[in-house]
Amino acid sequence: MGNRQNVFEGSSAIRDFLDPGKNTYLPLVELPSTLNPFAGDNVRIFAKLMNMMPLGNVKAAPAFNMIEEKYLNGELEGVRKIVENSSGNTVSSVALVARHFGINDIQSYVPSEISWHKLLMLLFFGVEPIVNVEPENPDEGDPNSGVSKAKKDAEQDDVLNPGQYDNQANPRAHERWTAAQIWDQTDGKIDVFCAGLGTTGTIIGNSRYLKAKKPSLQVVGAMRAPDNYVPGVRTEKLLKLVGFDWGKHVDTIERVETALSYQLSLEMSRSGIIVGPSSGLALAGLQQYLGDLKARNGLDELGDKETGEIICVFPCPDGPLPYLDEYFKYIDKSHFPSIQNEDLLLNKP
Ligand SMILES: Cc1ncc(COP(=O)(O)O)c(C=O)c1O
């Protein structure tokens, strides 16, 4: 053990490993010009690899912060079970963190559109899924939504609903860790931040921290285009179920389609940045924003007045593997190699 960096040991080793404050910074990686159509305009685009958190997804940060805050406030006493509404990442992260705070029984409402492998992932981590058909056009507090059902279940004394859609510990996690890291890693030179809108914790936490440091920062929120699917991200209609006042933290909204999100995720993955569909959505939202601005006013209003450089950052929430079969559904097969001797395969889907 010559090099002591990144070692977690002793009785709290795994809990420390899951604590974002006790980990090294997550990578910030600049995209090559093949993935940055604005490279010739002095635009630099950086991917913040939240998928490289110990639990493999962005939700490890809010999960840890929500559970730790409840613990520090004495709200975990007597809690036997946790119930959350989640597209998969939050509840698996919550489950793995909560076990280190003595809670083992974890249930999750999951949308009926959840991908099969994501569901298998929940079973793998020991989370009990409850499939829910989400209302198509819900109002806040709609009793048929998984968000409301999880809240209702937590009316029992020994059940806790972390409540990622209105629990301030969610955006605060991003202020504490994600945004603070991005600020340091860009030497305060970040000009544009673009993220997908799910619970909106990522966009609120980053916007709050970064705009306080640099009021000229532009925050772009990327949502799913109507009737388009991207796991972890919501459409405008589904965002009505989110309790946070996210609109005031966002300067521009971009609506992004499924196929483009999956395509850009595939391209990033093939370049060596192995990230999932919602990472593609965030990059697509950023590209749409820059393209619109360039066509309307030019990009001069952004960026450093001396160097002319425009620094953009988008977070990558998770990896592609839980959604692998979906890439073959949303991307034309001409983008994939063919299988030689396919007829010899013993196991075919
Ligand atoms: C894969 C994925 N992408 C994006 C998001 C959106 O992040 P946020 O909930 O912070 O808005 C989530 C949130 O669950 C997610 O799981």
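The values are calculated or read from the model by the stated rules, or taken from the named source; none is laboratory data. Note that the structure is a prediction, hence the values are computed from the model and not measured. Methodologically, a virtual Cβ is constructed for each residue, glycine included, from the backbone with ideal geometry; neighbour enumeration extends over all protein chains shown. Calculation scope for accessible area: heavy atoms of the full protein, side chains included, ligands and nucleic acids excluded. Shrake-Rupley method; radii C 1.70, N 1.55, O 1.52, S 1.80 Å.
Sequentially through segment 261-276, phi angles give Karplus couplings (6.51, -1.76, 1.60; θ = phi - 60°) of 4, 5, 5, 5, 4, 4, 5, 5, 4, 5, 7, x, 9, 8, 10, x Hz, Gly and Pro residues having no value and appearing as x.
The trypsin sites (Lys or Arg not before Pro) of segment 71-159 that meet both conditions, a loop assignment by DSSP and at most 15 other Cβ atoms within 10 Å of the site Cβ, are R80. If you roll a 1.4 Å probe over segment 60-160 with all protein chains in place, what percent of the accessible area is carbon or sulfur? Carbon and sulfur: 49 percent of the exposed surface of segment 60-160.
Please work out the Kirkwood hydrodynamic radius for segment 81-215, using every pair of different C-alpha atoms, and report it in angstroms with one decimal place. By the Kirkwood definition, the hydrodynamic radius is 16.2 Å. In the calculated pair-distance distribution of segment 60-160, the portion above 17 angstrom amounts to 50 percent of the Cα-Cα pairs. With each label modelled as a point 7 angstrom along the Cα→C-beta vector, the D105-S11 pair spans 2.6 nm. Along segment 11-27 the Karplus relation, 6.51 cos²θ - 1.76 cosθ + 1.60 evaluated at θ = phi - 60°, assigns HN-Hα couplings of 5, 9, 4, 6, 4, 5, 4, 7, 8, x, x, 9, 10, 6, 4, 7, x Hz to successive residues, with x for each Gly and Pro. Rounded to the nearest 20 debye, the dipole magnitude of segment 60-160 is 400 debye, with +1 charges on Lys and Arg beta carbons, -1 on Asp and Glu beta carbons, and the Cα centre as origin. Proximity of backbone amide H atoms, modeled 1.01 Å from N, is registered between V131 and V110 at under 5 Å, excluding neighbours fewer than 5 places apart on the same chain. Would you mind giving the average projected area, over all directions, of the Cα convex hull of segment 61-107 in nm² with one decimal? So the mean shadow area of the Cα hull is 2.9 nm².
Using C-alpha pairs below 8 Å separated by at least 6 residues, the relative contact order for the chain is 18 percent. Ranked by solvent-accessible area (1.4 Å probe, protein heavy atoms only, all chains present), the residues F17, F124 order from largest to smallest as F124, F17.
Across segment 309-323, computed HN-Hα scalar couplings (Karplus, 6.51 cos²θ - 1.76 cosθ + 1.60, θ = phi - 60°) run 6, 10, 9, 10, 10, 9, x, 10, x, 7, x, x, 4, x, 10 Hz from first to last residue, x flagging Gly and Pro. Filter K22/K59; K214/K240; K149/K240 down to the pairs with a C-alpha to C-alpha distance above 18 Å, please. Cα-Cα > 18 Å for K214/K240; rest within. Per residue of the chain, the DSSP helices (runs of n ≥ 4 H) give a summed -39500 (n - 2.57) that works out to -9500 deg cm²/dmol at 222 nm.
When peptides 130-140, 268-278 are ranked by their average number of other Cβ atoms within 10 Å per residue, the highest-first order is 268-278, 130-140. Sorted on the mean count of surrounding Cβ atoms within 10 Å across their residues, most packed first, peptides 190-200, 299-309, 253-263 read 190-200, 253-263, 299-309.
Per residue, the Cα convex hull of segment 35-89 amounts to 134 Å³.
Contact order, relative form, for segment 249-300: 35 percent (alpha carbon pairs under 8 Å, 6 or more residues apart, mean separation divided by residue count).
From most to least packed by mean Cβ count within 10 Å, the peptides 332-343, 56-67 give 56-67, 332-343. How fast does the chain diffuse by Stokes-Einstein, in µm²/s, taking the Kirkwood radius from C-alpha pairs at 10 °C and 1.306 mPa s? In µm²/s, the coefficient is 76. Annotation: average projected area of segment 203-323 is 8.6 square nanometres, based on the convex hull of Cα atoms across all directions.
Report the net charge of residues surrounding D300, where surrounding means a beta-carbon distance below 11 angstrom and charges are Lys +1, Arg +1, Asp -1, Glu -1. Here the charged neighbours net out to 0.
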